[in-house]
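Nothing in this text is a laboratory measurement; each read-out follows from the coordinates by a stated rule. What you are looking at is a predicted structure, and each value in this text was computed from that prediction instead of being measured. Positions of Cβ are generated from backbone atoms using ideal geometry, with glycine treated the same way; all protein chains shown enter the neighbour counts.
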Amino acid sequence: MRNPPATIRSGVTLRDYTTWRVGGPAEWFAEPGTEDELIALASWAVAEGLPFRCIGAGSNLLIADTGLTGVTLCNRRLQGSVVDPTEGWVEAEAGEPIPTLARRVAKAGLSGLEWSVGIPGTVGGAVVMNAGAQGGCTADWLHSARVLDPARPAEPFTLLASDLDFAYRHSRLQEEPLLVLAARFRLSAGQDPAVVSARTSANLQSRTSSQPYQQPSCGSVFRNPEPEKAGRLIEGLGLKGLRVGEAQVSPLHANFIVNLGGALASDIDRLIALVREQVLEAHHIALQPEVKRLGFEGGSRWDLP
């Protein structure tokens with residue numbers, strides 16, 4: 001291997017970089033502090049013929065106990081935002097925590113991101129997943145995203161929101177190997193900061209009182225099969241509290257799986273499969289996970305007939 005960048009490390013345990021607190025080691029790992037550094041690391045990986053991927057806050061992510069080959073980049077140090085309170089424009093780097101951005105724009109009198117304050121993810125992840133809650137979602141307010149194509153890492157480019165094929169918890173970025181570097185939002189300007197901040201805080205209180213925020217989880221595990229709600233279907237089958245090893249369907253909210261302290265990724269993987277099987281058998285509904293599964297060999301145990 002030729003001249004690995006000084007910032008890259010080997011054998012870093014990825015459980016420290018996921019909200020479930022599970023996952024094995026990365027063959028190569030780096031946390032770029034700037035966009036230019038990320039581009040340089042991506043260019044090195046391509047030149048070496050190494051597979052690479054980028055993770056953010058590590059929510060909605062299940063990494064295998066055996067870890068990941070190739071290069072794993074974590075963008076959570078790529079933080080920062082620029083807010084124009086007069087026109088409503090907001091530009092944020094991909095690693096900016098979406099709750100941090102929600103609070104900042106609320107204080108600037110900008111409305112639009114109040115729904116996002118309780119989401120355990122980054123701006124980049126919110127764009128990829130079209131994250132949403134409490135009646136709002138990323139697609140409602142996103143103007144554009146600056147992205148990087150791993151095949152041409154030195155040539156970032158911009159995609160408009162209309163280019164991203166947004167749907168419920170979906171964007172084209174889930175199907176194409178493009179990495180989000182930054183996002184630009186157009187929010188509603190001229191609002192009373194006290195009112196927007198109060199609404200933001202109320203949304204957070206609503207979520208923390210009904211969801212298991214004190215235990216490691218990934219956020220919601222399953223997409224809601226509208227008009228049904230995944231949590232209600234799971235709870236209705238008496239599956240709250242169901243365990244595999246140290247992984248448990250949360251007794252507080254059935255669409256959360258929590259790590260009781262010593263869970264393995266394989267425990268969580270199996271528990272997701274069990275929940276899906278039981279909901280399918282009882283309701284003939286195949287719940288679709290929001291979770292991205294990395295490093296697992298062979299076919300997914302989540303596949304259903």
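The figures follow:
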read-out: Least to most buried among Val195, Val127 (fewest other Cβ within 10 Å first); value: Val195, Val127
read-out: Distance between modelled label sites at Glu235 and Asp165, nm, 7 Å Cα→Cβ extension; value: 3.5 nm
read-out: For region 112-151 versus region 1-58, the gap between their alpha-carbon centres in whole angstrom; value: 23 Å
read-out: For the chain, convex hull of alpha carbons as volume per residue, Å³; value: 129 Å³
read-out: Residues with amide H under 5 Å from that of Gly70, placed H, sequence gap 5 or more; value: Glu27, Trp28
read-out: Translational D in µm²/s for region 212-290 (Stokes-Einstein at 20 °C, 1.002 mPa s, Kirkwood Rh from C-alpha pairs); value: 175 µm²/s
read-out: Estimated [θ] at 222 nm from DSSP helical runs (n ≥ 4, -39500 (n - 2.57)) normalised by residues in the chain, nearest 500; value: -7500 deg cm²/dmol
read-out: Nearest-0.05 FRET efficiency for Val195 and Glu48, computed from C-beta distance (R0 45 Å); value: 0.30
read-out: Estimated inter-spin distance, Gln205 and Asp149, nm [label 7 Å along Cα→Cβ]; value: 4.9 nm
read-out: Residue among Leu187, Leu159, Leu110 with the largest mean-square fluctuation in a Gaussian network model of the chain, springs linking Cα atoms under 10 Å; value: Leu159
read-out: At least 18 Å along the helix axis (C-alpha) and Kyte average at least -0.5, DSSP helices within the chain; value: 35-48, 193-210, 265-283
read-out: Residues of type lysines that Lys240 reaches as a straight line, Cα spacing below 26 Å, ignoring anything fewer than 8 places off in the same chain; value: Lys229, Lys292
read-out: Max mean-square fluctuation residue, GNM over the chain, Cα-Cα springs under 10 Å, options Arg232, Arg186, Arg169; value: Arg232
read-out: Glu226 paired with Glu27, simple spin-label distance in nm, labels 7 Å along Cα-to-beta-carbon; value: 4.1 nm
read-out: Kirkwood hydrodynamic radius of region 81-209, from inverse mean 1/r over distinct Cα pairs, in Å; value: 14.6 Å
